[in-house]
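So the structure is just underneath, and the comments pick up after that.
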Amino acid sequence: MERKKTIFSGIQPSGEITLGNYLGAISNWVKIQNEYNCVYCVVDMHAITVRHDPKRLREQTLDVLALLIACGLDPEKNIIFIQSHVPQHAELTWILNCYTMYGELSRMTQFKDKSAKNPDNINAGLFDYPVLMAADILLYQTDLVPVGEDQKQHLELSRNIAQRFNFLYGDVFTLPEPYIPKIGGRVMSLTDPDMKMSKSDPNPNSKILLLDEPEAIMRKFRRAVTDSEAVVAYREGKSGINNLMAIYSAATSKDYKTIEAEFSGRGYGDFKTATGESVVELLSPVRTKFNELIKNKDYLTRVYTDNAGRAAALADRTLEKVRKKVGFVKKENKNA
Ligand code: ATP
Ligand code: LTN
């Protein structure tokens, strides 16, 4: 029998999870959980590379963990854990730093963008962000990494670091490939449909949060930016309507032809209401499940503790090899 491939992905607890994260990432993760060995990590160590509120980080980390489970990821089938609970990530980062070039990191577009946005906090962690991400991926001998367009350069760097290390020391790391899900695409902002919906967008009307109340969801869809043509059709130049059609289609499994026929001769008002209702229906079980889970701190603690243990066991296997290859003296277990 062919061995199951390993998938690894990370999500930052840097804001509340949006409909974009759900349709573009999490709902696909749920669909593939039986086919692959999946490892999903809430990357709190990445989140501190920009100034943040510690109390909110702690809350958001647990919220993201609970949301992943509420969306249908099974914490027994998959490994779902908190990055800082597995110190092997930090340890491998240090070693990989010594196999990553200053020039490579200076070319990362996300570093350049974030430095331009936060000129008074260009810290070393922000510069090193991609090496921590490479460590995340390489620790688990990952075959496939589901990532959006914006993370492709980071994945390419992870491959280069792995290749450089393997060239010097033999086959230590599996070379990860990007995994592009068949469906999902990009959900766009409701207030500026030429930009992607982003959890760090300061405008609350631009994004649907997974935990938004039904009234908030309906209100945001009613206000969504469209055009003045009043024809529900998927075509070039109608980015607002295209986005709503993509969302409605993902929520109801109807194709574009069916949607165009359903709303032919009807105004945008009806279409926006129908889209809002379809999203309310899609998210309502997630919200109910989340509210149940977040109250059950004992269960969440057990999940993240067990899963960190499972992750650490896998990570250790890789790290043992790495320590040996670079020439560190093996630490003996003092009780052995
Ligand atoms: P931030 O605003 O902090 O950059 P984000 O909302 O862009 O956050 P990430 O944490 O960078 O989200 O990404 C988590 C996952 O969600 C990634 O796999 C990413 O590709 C996916 N994703 C994020 N935004 C969208 C979107 N608008 N449409 C589809 N997928 C998305
Ligand atoms: N940088 C990613 C989050 C992330 C990640 C990873 C994704 C951290 N480590 C490892 C895939 C694999 C982001 O901002 N979306």
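The values are calculated or read from the model by the stated rules, or taken from the named source; none is laboratory data. If you're wondering where the values come from, they're calculated on a predicted model, not measured in any experiment. Positions of Cβ are generated from backbone atoms using ideal geometry, with glycine treated the same way; all protein chains shown enter the neighbour counts. Please note that ligands, DNA and RNA were not included when accessible areas were found on the heavy atoms of the full protein model with its side chains. Shrake-Rupley method; radii C 1.70, N 1.55, O 1.52, S 1.80 Å.
Residue pairs whose Cβ atoms lie under 8 Å apart, separated by 6 or more positions or on different chains, with the first residue in the range 184-200 and small (Gly, Ala, Ser) and at pLDDT 95 or above and the second within 7 Å of ligand 1 (Cβ to nearest atom) and open to solvent by 20 Å² or more (accessible area, probe 1.4 Å), are 189/196; 189/198; 189/201.
When 194, 171 are screened for being more than 15 Å from ligand 1 (Cβ to nearest atom) and either part of a loop (DSSP other than H, G, I, E, B) or open to solvent by less than 30 Å² (accessible area, probe 1.4 Å) (or both), only 171 passes. For the structure I just gave you, tell me whether residue 272 is surrounded by fewer than 19 Cβ atoms within 10 Å (Cβ to Cβ) and not aromatic (Phe, Trp, Tyr). Answer is no for this residue. Taking residues in the range 280-299 that are within 21 Å of residue 219 (Cβ to Cβ), and partners anywhere that are in a helix (DSSP H, G or I), the pairs with Cβ atoms closer than 6 Å and at least 6 places apart or on different chains are 280/214; 280/217; 282/251; 286/70; 290/66; 290/67; 290/70.
If only one of 212, 201 is within 11 Å of ligand 1 (Cβ to nearest atom), open to solvent by less than 40 Å² (accessible area, probe 1.4 Å), of a type outside the set (Gly, Ala, Ser) and not in a helix (DSSP H, G or I), which one is it? So that I can check it myself, show each step before the final result.
Details: 212 fails: within 11 Å of ligand 1 (Cβ to nearest atom).
Just one listed residue meets the conditions, 201.
Beta carbons closer than 9 Å, at least 6 apart along the sequence or on distinct chains, pair a first residue in the range 128-154 that is closer than 21 Å to residue 310 by Cβ with a second that is within 7 Å of ligand 2 (Cβ to nearest atom) and charged (D, E, K, R) for 142/136. A single entry from 229, 277 fulfils the requirement of being part of a helix (DSSP H, G or I), open to solvent by 40 Å² or more (accessible area, probe 1.4 Å) and in contact with a helix residue (DSSP H, G or I) (Cβ under 9 Å, 6 or more places away or on another chain): 277.
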